[in-house]
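These notes are about the structure you will find just below.
Just so it is clear, none of the values below were taken in a lab; they were calculated from the coordinates. Quantities reported herein were computed from a predicted structural model and do not represent experimental measurements. Using ideal geometry, Cβ is built from the backbone for each residue, glycine included, and neighbour counts are taken over all protein chains shown.
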Amino acid sequence: MKRKHPVVLSVCFALLVGSLVSAKQEPRTINLSKRALNAAPLYGPEGIVIAADGSVYAGNHDGKIKRILSTGAIEPFADLNNLPGQRQEKIAAIGLAMDGEGDIYAATYDFNGGSVLKVTGPGKPDAGKVVLFRHGIGLANFVLIDKETKTMYVSDSSMFSGRVFRFNMKDETLVGKAADPQRDVLAEFSYANGLALGPEKEWLYVAETTKGRISKLYLKTGKSHVFAEVGGWADGLAFDPKNQLLYVCDNKGGRILALNTAAEIVGETRLIGKEGQCAPASLVFRDENTIIFTDLWKASTWAALLRRPQYHSYVYQLSVKEVLK
């Protein structure tokens, strides 16, 4: 029996050291309950954009796009369900993106086999007008627009057969038409979700939500590889204004992370909001020091399969310093 004591002590010591290391690696927790941008709750905010005047627009799962004023008040801006035509299903606003002319594009998986709708931007005579841009995209989720080249990327968040589409926005002959998988699909991913263009615009970063990882797609060849394993459920992605760090929303772990170009996690924080642990969905930068993100839903595999998440209701503001180590 005495011979076994050193082994037992060694195992206990290893477990103790392991627990201490794990404790040190736990991300900091920040309570944002008093930092919600909207005073009244929204209905499952997900996509978010910031207009040229600094106004924040959030898409909701009831199809309405709301403007959040600096006072915290909410104004209606557009309703995707005002799209002309007869239908029985409701249209939800999922991902949002704004083009160089200030118009908003909203992804929805509820309408016409998964679609992107164009909403005339604020300040224009027909602001809030809704028209169909493209359809047949599957579970259309995240929208990313390269304003310089007028190229749109859209993720299809099918659980096991997700894809990333690329559309030439300059080709007006295709507006309102169905996507052509042979022409428009760049690559396939598992539950493709958040998208971000790399600094040189040669690589597209793709969040694979249920895999808890970020993949990297070379746009010239369409080939991809895993860039980083981040755990949780990776959702919205965005590079900072200086294109140095990639920020990642983890809506299952309630975290926002920052990764450098070597795929190293250089910042991580867990977030608490008005409704408990946050579920960050999409993030944008107001400036180089300020992140704004939507708190969408309590993530679970069954909720994702059934598409019946438990919605959260707020948009929060966070400083970059609170994420970085």
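Loop-located trypsin sites (Lys or Arg not before Pro) in the stretch 193-239 (DSSP state not H, G, I, E or B) with no more than 15 neighbouring Cβ atoms inside 10 Å: K201, K220, K223. Need one number: % antiparallel among DSSP beta bridges in the stretch 28-322, to the nearest 5. The antiparallel proportion sits near 95 percent.
Annotation for the stretch 241-278: trypsin sites (Lys or Arg not before Pro) lying in DSSP loop with at most 15 further Cβ atoms inside 10 Å of their Cβ are K242. Neighbours of V226, meaning other residues whose beta-carbon lies under 10 angstrom from its beta-carbon, give a summed charge of +1 when Lys and Arg score +1 and Asp and Glu score -1. Farthest towards the positive end of the charge dipole of the chain, among the residues W203, P76, H225, is the Cα of H225, using unit charges on the Cβ of Lys, Arg, Asp and Glu. For the chain, a Gaussian network of Cα nodes joined below 10 Å ranks V154, V131, V116 by mean-square fluctuation, and the top entry is V131. If r is the Cβ-Cβ distance from T261 to Y218 and R0 is 25 Å, what FRET efficiency results, to the nearest 0.05? FRET efficiency, T261 to Y218: 0.95. Compared with the dominant principal axis of the Cα atoms in the chain, helix 5-25 is inclined by about 30°.
Taking other Cβ within 10 Å of each residue's Cβ, how do W233, W203 sort, fewest first?
Going from least to most buried by this count: W203, W233.
About the centre of its Cα atoms, the stretch 166-219 shows a dipole size close to 140 debye [charges on the beta carbon of Lys, Arg (+1) and Asp, Glu (-1) only; nearest 20 debye]. Please work out which option in [x] 33, 55, 9, 3, 0; [y] 29, 51, 19, 1; [z] 29, 57, 13, 1 gives P(r) over Cα pairs in 20 Å bins from 0, in percent calculated from these coordinates, and answer with its label. Computing P(r) over Cα pairs in 20 Å bins from 0, in percent and matching it to [x] 33, 55, 9, 3, 0; [y] 29, 51, 19, 1; [z] 29, 57, 13, 1 gives [x]. Under the convention that each Lys and Arg Cβ holds +1 and each Asp and Glu Cβ holds -1, the size of the dipole of the stretch 156-253 around its Cα centre is about 160 debye.
Mean projected area of the convex hull spanned by the Cα atoms of the stretch 165-215, taken over all viewing directions: 4.4 nm².
Residue separation times 0.36 nm, minus the C-alpha to C-alpha distance between Q86 and R270: what's the value?
My answer for the length gained is 61.9 nm.
Computed from point charges on the beta carbon alone (+1 for Lys and Arg, -1 for Asp and Glu), the dipole magnitude for the stretch 28-322 about its Cα centre is near 420 Debye. Sparsely packed loop sites in the stretch 189-260 (the GluC sites (Glu not before Pro) outside DSSP H, G, I, E and B with at most 12 other Cβ atoms within 10 Å) comprise E200, E202. The simple Förster model, with R0 at 56 Å and r as the Cβ-Cβ distance, assigns V175 and T29 a FRET efficiency of 0.75. In whole Å, what is the distance between the alpha-carbon centres of the stretch 26-87 and the stretch 200-261? The distance from the Cα centre of the stretch 26-87 to that of the stretch 200-261 comes to 23 Å. Since only V49, I104, G254 are under comparison, the one whose Cα sits farthest along the positive direction of the charge dipole of the stretch 28-322, derived from C-beta charges on Lys, Arg, Asp and Glu, is G254.
With neighbour counts taken as other beta-carbon atoms within 10 Å, the residues H135, H225, H312 rank, fewest first, as H225, H135, H312.
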